[in-house]
Each structure stands twice: as structure tokens, then as C-alpha cells.
Amino acid sequence: MSRLEIDWTRCDGHGLCATLLGAAVELDEWGYPVLRGREITAGEGPDARRAVLACPALALRLSRSVNR
Amino acid sequence: MKTLLATSVIGDARLLAGVERGRLDRQNHLWTHGAPPDLTRANYQQLCEAVGLKGRGGAAFPVARKLADLPDRGVEAVVVNGSESEPLSRKDRLLLSLAPHLVLDGATGLARALGAPHVLIAVHDAESAQSMREAILERDDRLAIEVTETPDRFVAGEARAVLSALEGGPAVPPGRKVLPTRQGYHRRPTFLSNVETFAQLAVLARLGARGFSATGLSTAPGTQLLTVDGAVQRPGVIETPTGIPLDTVLQFAGAEPGPVLLGGYHGRWLSQPVPLDGASIVVALGSATCPLGEVYQVAQWLSAQSAGQCGPCVFGLASLVDDFARLLHGDVNGWYDAQRHLGLIPGRGACAHPDGAARFLTSALQVFDDDVRRHLGGGCGRPVLGVLPVPGGVA
Ligand code: SF4
Ligand code: SF4
């Protein structure tokens, strides 16, 4: 299982992630992604990876969920 | 900002022992506290576990767990975070300028026990820096001890921002969440804690677990430093046993009746007295000033303190300033927008600034519910007296 993470110091609010992964990401009124905070399901994996690779600011990461 | 030199003690004076006579130089320090014992890492680990010592910088993380998280060897540095980020807090500055040797005993004792070659002290005012530099010259620790002045901005006091500043980088938190115990100073294992924690360690090393636990709560024994400010007759720093009721503190300081802010500008407003629970800042508002106007001024300041790195923090706090301005002028949409924006900023930044700011503003809307209604109905009729200090003045 994995989770999306955003490096807020990098994210420019391009919004591409919400386009590619609408089920897990929406945009707030300033155009920044709001993560729904849940695990990315196996079925969403490919789309999630595509969104990570597409982020122009390299702000999006897919992390294994470890509890720390 | 000027150091608040007014100090007082309820119960035992430990950290503040002797400071009523002014700064304790090396000789007065030894005379007051005695010589520091030489302890091993295992000793520190045991002591911290036995008394449940927690970091005194606000996050209240158990010191024993932080120690246990460090690798057996290769600890690079012990960092004393004296860049007190809460603008209302005075306790750390006070310790640095009046009891520098107690802080140094704690930091150097631990550095030696951990085999760390560096002790780095980050401060953000000239008076503390000078006091620490003088103290270092008065002793011979055979360690590389360095004092660095970091920017006086709210977010610059965040642990990872301090590490970045110590390495010569910008004093802003990096986007990646890393633990200083694993990747701290120059990405090497580092023990970082705030000033009071080190002073407590110095006291604990001398008193032992039994002696340390002779006062305060049985679950979290010892003393604590509180900064008391606002509509009170005697503002300043108080040392009290842990577990002291808030009412006692307010009475002791001569507080006017009225709302109370606990924990500073990342803290929360109270509608009724609650246990202090580790909060180290108590501000009484009194009843003569307009609470929402006061909160609005702090909101402006909080917004200006955003390090400008993270979109939701930057835009969210700016929007909230605007929401509160409209609310003050009786526009109900200001209230609705504020509620929505307060839900949008927590957890969406590289540091905890948006979370803390949201806590402060959310609790204000709850506790000042009646005042909100008065403003929506035309105003509360009270002036904004500036009971809540805003560093650098009001914009
Ligand atoms: S695509 Fe990247 S930069 Fe754009 S909003 Fe998403 S995370 Fe931010
Ligand atoms: S969350 Fe806000 S204050 Fe913290 S680093 Fe990002 S922009 Fe700066």
C-alpha cells in the first residue's frame, strides 16, 4: 500500500495531478491539490505513478506507508 | 525585543535558582548548583526514562525516545535550539541570558556522553548570543562550541529550519520530512532540543531521578517555566511545579478576568480553565479590549510570518486575514469563508505553521462566539488595545 505525498515547498499548483488522478486528488480554490488522505489502491497505482512522473515541479511522491 | 527580566518562583527554584541576583557567571553558577557530574549515555537514558522528561520546545517529545533513536556511534552534534519561535515566549531567552552555564552543562554533558564533537547553539537575539559567548570563554569544555544568530522569524525557529541556518542555508524548513536524530546537522545524526530541555537535563543530572521527582506531578515530575503576559499585573517568567492549576498561575500573576490564550500564537483560546498540559505560555486578554480586533492583528502577523514557500499556507493565511477583516466589519460572509479556509490549511505545509495558526484562529472563533455576533450586529463597541503583542508592531 502507498500514499501520495506533496513537497509543499515545490508544488506550484499546476494542477496536473488532479487531472490525472481525479479520484484521489482535487484542487482547492487557489489551485493547490487536496489529497483525500487515503491509501492509493492497487488499481490506481499506474495512474498515481503517471501523476508523480508528470508533476512539472517534482513535488509529488508516492511513499510506502510506514507508521512513524 | 527586550528580554523580560521579571522572574518569580512558585515552590522550588531550580532552573531559576540564583537568577534574582542577575546573570550567573561561572563562579556563581557553581556556587548555586554545584559541579556537574560526569554521566554516561546509559545514565542519561535511564534518568530521562525514569522521570519521563519531555522536550520543552512545544512538541513535548520524550527525550529518552530521542536518545534511543540516535545510533550507537557517529553522533555529530548536540544542538541547542534557542531561537524561540513563539514570539510571546521569553523563557529560553531568559535562561540564555541569566543562566547560560546551566544550559551549557546540559548540552556539553550530553555531548560528551554521546561522543558528539560539536555543540551548536542557535539564538536569535544579541543579548543571548553575548551571554552564551561570554560563558563559553569562562569554561573549558574541550568541545567545539559555537553560537549562531539565526533570523528572528516565527518559522525560522522550527528544528529543521534551524539546522538549515546552522549549515549556512536559508532559515526555512525543507520540504522533506527528515528526523534530526538520523539526518541532522550536515545530514549526520544530531540531538536537537530547546534551551529549557538542556537546563532541565543539567538539573536532572545533579539531582538524580529521586530528587528531580520530589516536586510536581508524579507522571511528569519536576518544574516548568511559564511565560505570563497580557492583561496581568506581573508579566514575566515563572518557574512552577508541573501540574499547577491555571487558575493559580493567573491569580499569582494578577490577571484581569477574561479570556485566556494558552500556548501562544500557535496555541488556543480557552472557554474555561483547563490543565496547563505542557503549555508554557499563558496570556490573559482582560475584558477592556475587542477580542476579534486583537486576533485580527495577530492573524496579519501570522500571515506575514509564512516563509512564503508553500501555496496553501501563503494563500490560506492571506485569505484568512481578509476573512477576519470582513467579519470585523459585520460581513457574515467573512465568517463563512473563514470557516472554510480554516479547514483548508492544516497539514498542508512543510512545517506546522499553518496548523498552529489554524488552531489559534479556530479556537478564537469558538471562544469569541458572542463577540462574533456583536460584530455581525454592528460592532462590540470596544477599542483594540493591543493586549496581544505583535512583534515589530501592527502593519
Ligand atoms: S502536478 Fe505537482 S506542482 Fe502541480 S499541483 Fe500537482 S503536485 Fe503541485
Ligand atoms: S508551511 Fe508556511 S511557514 Fe511553513 S515552510 Fe511552508 S510557507 Fe513557510
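The values are calculated or read from the model by the stated rules, or taken from the named source; none is laboratory data. Just so it is clear, the model here is predicted, and its values are computed rather than measured. Methodologically, a virtual Cβ is constructed for each residue, glycine included, from the backbone with ideal geometry; neighbour enumeration extends over all protein chains shown. The accessibility values were calculated without ligands, DNA or RNA, using every heavy atom of the protein model including side chains. Shrake-Rupley method; radii C 1.70, N 1.55, O 1.52, S 1.80 Å.
Screening the range B:345-387 for residues that are assigned to a loop (DSSP other than H, G, I, E, B) and among the basic types (Lys, Arg) and picking the one that is most open to solvent (accessible area, probe 1.4 Å) gives B:382.
Against the numbered list (1) within 16 Å of ligand 2 (Cβ to nearest atom); (2) loosely packed, with under 13 Cβ neighbours inside 10 Å, residue A:13 comes up short only at (2). Taking the criterion of being in a helix (DSSP H, G or I), open to solvent by 10 Å² or more (accessible area, probe 1.4 Å) and within 14 Å of another protein chain (Cβ to nearest Cβ), the residues of the range B:141-171 that qualify are B:160, B:164. I'd like to know if the range B:51-73 contains one or more residues that are over 20 Å from residue B:183 (Cα atoms), part of a helix (DSSP H, G or I) and modelled with pLDDT of 95 or more. Yes; the residues of the range B:51-73 include at least one that is over 20 Å from residue B:183 (Cα atoms), part of a helix (DSSP H, G or I) and modelled with pLDDT of 95 or more. The residues listed here are B:68, B:59; of these, the one that is within 17 Å of the chain's Cα centre (by Cα), surrounded by fewer than 19 Cβ atoms within 10 Å (Cβ to Cβ) and within 29 Å of residue B:171 (Cα to Cα) is B:59.
Every test in (1) β-branched (Val, Ile, Thr); (2) modelled with pLDDT under 95; (3) more than 20 Å from residue B:225 (Cβ to Cβ) is passed by residue B:108 save one, and that test is (2). The selection criterion, being under 30 Å from residue A:60 (Cβ atoms), open to solvent by less than 60 Å² (accessible area, probe 1.4 Å), outside the structural domain of residue B:352 (by TED's automatic domain parsing) and within 16 Å of ligand 2 (Cβ to nearest atom), holds for residue B:174. Taken over the range B:71-97, residues that are open to solvent by 10 Å² or more (accessible area, probe 1.4 Å) and more than 17 Å from the chain's Cα centre (by Cα) amount to 5. On the given criteria, is residue B:103 within 17 Å of residue B:196 (Cβ to Cβ), open to solvent by less than 10 Å² (accessible area, probe 1.4 Å) and assigned to a helix (DSSP H, G or I)? Yes; evaluated as a whole, the condition is true for this residue. Taking the numbered list (1) farther than 30 Å from residue A:59 by Cβ; (2) more than 20 Å from the chain's Cα centre (by Cα); (3) open to solvent by less than 70 Å² (accessible area, probe 1.4 Å) in turn, residue B:390 passes all entries but (2).
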